[in-house]
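> Got a structure here, written out as structure tokens. Questions coming.
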Amino acid sequence: MPHSISNIGPIVFVRWRDEIFVADVLAAETEIKKQRTRAGETLTVLWIVSADVKLMSNDTRLAVARTVHALKHVLRQIHVVVEGTGFLSSTYRSIFTPSRPSTGSGPGVALHDSVIACLEHVSKAYNVEFGALLKTATFQGVVATPGEHLGQE
């Protein structure tokens, strides 16, 4: 499976690996909406694009844009981590840039360069100890390697 979904309380992690397909984007959207219904509260989604993810097709890019737009209205915040540097990572960052908030449009999309930077931001927003969040994220495979703890690959 090219993605995995897990959560820590009201924080939902979607980690993408290898390649992103339309069906997987729609499955992730459905699962996030189910988790919101079960939680009974607004959620924050961390959408993590691994450095090795292949460039998505135009259809998948459109599905991602529709999903991000649909989720903006039911979530507290969407955070996108695009790991890596270079052309591919820049391309993924540009895909999410149009989704940034405009006044009165609900929560927007915050872009981060590393999982650690994202976790630091989220831990402050939810008043959760960073170390506890990092430990749980590591256990769930959101942060998979020691280098990722430092924002490195």
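The values are calculated or read from the model by the stated rules, or taken from the named source; none is laboratory data. The structure presented is a predicted model; accordingly, all values stated were derived computationally and were not measured. Here the Cβ is made from the backbone with ideal geometry for all residues, glycine too, and neighbour counts use every protein chain on show.
> May I ask you to list the residues in region 103-125 that are surrounded by fewer than 17 Cβ atoms within 10 Å (Cβ to Cβ) and at pLDDT below 85?
Result: T103, G104, S105, G106, G108, D113.
> Identify all residues within region 1-20 that are buried (at least 19 other Cβ atoms within 10 Å of the Cβ) and modelled with pLDDT under 85; write none if there are none.
H3, N7, I8
> Given the criterion under 21 Å from Q140 (Cα atoms) and either crowded, with 21+ Cβ neighbours inside 10 Å or hydroxyl-bearing (S, T, Y) (or both), identify the matching residue among V68, V81. Give the derivation first.
On the way: V68 fails: under 21 Å from Q140 (Cα atoms).
Of the residues listed, the single one that is under 21 Å from Q140 (Cα atoms) and either crowded, with 21+ Cβ neighbours inside 10 Å or hydroxyl-bearing (S, T, Y) (or both) is V81.
> Related question: Tell me yes or no: at least one residue of region 57-76 is β-branched (V, I, T), outside any helix (DSSP H, G or I) and touching a residue at least 60 places away in the same chain (Cβ under 8 Å).
Residues of region 57-76 that are β-branched (V, I, T), as a first pass: 60, 64, 67-68, 74.
Then keep just the ones that are outside any helix (DSSP H, G or I); that gives 74.
Okay, now just the ones that are also touching a residue at least 60 places away in the same chain (Cβ under 8 Å), so none.
No, region 57-76 contains no residue that is β-branched (V, I, T), outside any helix (DSSP H, G or I) and touching a residue at least 60 places away in the same chain (Cβ under 8 Å).
> Spot the failing condition for A51; the list is (1) of a type in the set (A, V, I, L, M, F, W, C); (2) under 13 Å from I78 (Cβ atoms); (3) touching a residue at least 60 places away in the same chain (Cβ under 8 Å), and only one is missed.
(2)
> So, one more: So the check is Cβ under 8 Å with 6+ separation or different chains; which pairs have a first residue in region 13-33 that's closer than 26 Å to L133 by Cβ and free of Cβ contacts under 8 Å to residues at least 60 places away in the same chain and a second one that's assigned to a strand (DSSP E or B) and of a type in the set (S, T, N, Q)?
Filtered contacts from region 13-33: V14/S4; R17/S4.
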